[in-house]
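The values are calculated or read from the model by the stated rules, or taken from the named source; none is laboratory data. Predicted model, so just to flag it, every value in this text is computed and none were measured. As a convention, Cβ positions derive from the backbone with ideal geometry for all residues, glycine included, and neighbour counts pool all protein chains shown. To get the accessible areas, we keep the full protein, side chains included, count just its heavy atoms, and leave off ligands, DNA and RNA. Shrake-Rupley method; radii C 1.70, N 1.55, O 1.52, S 1.80 Å.
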Amino acid sequence: MKHIFLCSFLINFLSFASSITQGYKYSLFLDEEGYVWGSGNNDNGQLGLGDSLHRQDIIKINTMPIIKAVSAGFTHSLFLDIDGNVWVAGNNNSGELGLSDHINRLEPTKINTLPIITAVSTGSTHSLFLDEEGYVWGSGNNDNGQLGLGDSLHRQDIIKINTLPIIKAVSAGNSYSLFLDERSEEHTSELQSH
């Protein structure tokens, strides 16, 4: 009977969710009012609840303004608020949070070095940020050139990717990135083996 109630609750809850995203053994849910909820693994604080305790229940994250987009990486999370500010939480071993250090964050922390952002995307251990003018910014793991900077150096500071034309959509994969330009042409980012 407990499973029936849990499934019923989850189905009812998801009917109010406007988007969902999942990382490694954790999930984030964005409701219609702009509040974020999380459940699952929280070893690195990726749920943004101020601790590293796992959650079996879906818990509301009360420490952020109204959010319009969420993205879950392997063990880090990005939250985009309605004013175009980005908040980050979780693992920062590769600098994926873009906070100029390698310190994990248990609570959502606002990035103060970005212009107004319209979209965010997480790879396993890198992050992409699309600004309102169509420029892309990135941070984190770059072993495979996924940041599109022409090298394989990790970035703990957010850096503008100047090799791209004006972009209208970004998507970060495990160890690569996709960029869709204003002419709807796709650009990829990863180092090619020779």
**OP:** Scan the stretch 33-54 and report the pairs whose first residue is over 26 Å from Ile82 (Cβ atoms) and whose second residue is aliphatic (A, V, I, L, M) and outside any loop (DSSP other than H, G, I, E, B), with Cβ atoms within less than 7 Å and a gap of 6+ or a chain change.
**Re:** Asp51/Leu106; Ser52/Leu106
Subject >> Residue that is least open to solvent (accessible area, probe 1.4 Å), among those in the stretch 95-139 that are assigned to a loop (DSSP other than H, G, I, E, B), among the β-branched types (Val, Ile, Thr) and farther than 27 Å from Ser184 by Cα >> reply: Ile111
**OP:** Among residues belonging to the stretch 48-72 that are closer than 24 Å to Ser177 by Cβ and not hydrophobic (A, V, I, L, M, F, W, C), point out the one that is surrounded by the most Cβ atoms within 10 Å (Cβ to Cβ).
**Re:** Gly48
**OP:** State all residues of the stretch 152-166 that are more than 16 Å from Thr188 (Cβ to Cβ) and open to solvent by 40 Å² or more (accessible area, probe 1.4 Å); if no residue qualifies, say none.
**Re:** Leu153, His154, Arg155, Gln156, Asp157, Ile159, Lys160, Asn162, Ile166
**OP:** State the number of residues belonging to the stretch 73-94 that are open to solvent by less than 20 Å² (accessible area, probe 1.4 Å) and either in a strand (DSSP E or B) or touching a helix residue (DSSP H, G or I) at 6+ places or on another chain (Cβ under 6 Å) (or both).
**Re:** 10
**OP:** Could you list, in sequence order, all residues of the stretch 41-72 that are more than 26 Å from Val170 (Cα to Cα), in contact with a Ser or Thr (Cβ under 6 Å, 6 or more places away or on another chain) and in a strand (DSSP E or B)?
**Re:** Arg55, Ile58
**OP:** Kindly indicate whether Ser177 is more than 17 Å from the chain's Cα centre (by Cα) and buried (at least 23 other Cβ atoms within 10 Å of the Cβ).
**Re:** no
Original post:
Only one of (1) at pLDDT below 95; (2) under 26 Å from Asn44 (Cα atoms); (3) surrounded by fewer than 19 Cβ atoms within 10 Å (Cβ to Cβ) fails for Gly145. Which number is that?
Top reply: (3)
Original post:
Conditions: (1) at pLDDT below 95; (2) loosely packed, with under 13 Cβ neighbours inside 10 Å. His187 meets all but one. Number of the miss?
Top reply: (2)
Subject >> Sole exception among (1) touching a residue at least 40 places away in the same chain (Cβ under 8 Å); (2) on the phi < 0 side of the Ramachandran plot for Ala17, by number >> reply: (1)
Subject >> Single match in Phe9, Phe13, Phe5 (criterion: modelled with pLDDT under 95, surrounded by fewer than 23 Cβ atoms within 10 Å (Cβ to Cβ), touching a strand residue (DSSP E or B) at 6+ places or on another chain (Cβ under 7 Å) and among the aromatic types (Phe, Trp, Tyr)) >> reply: Phe13
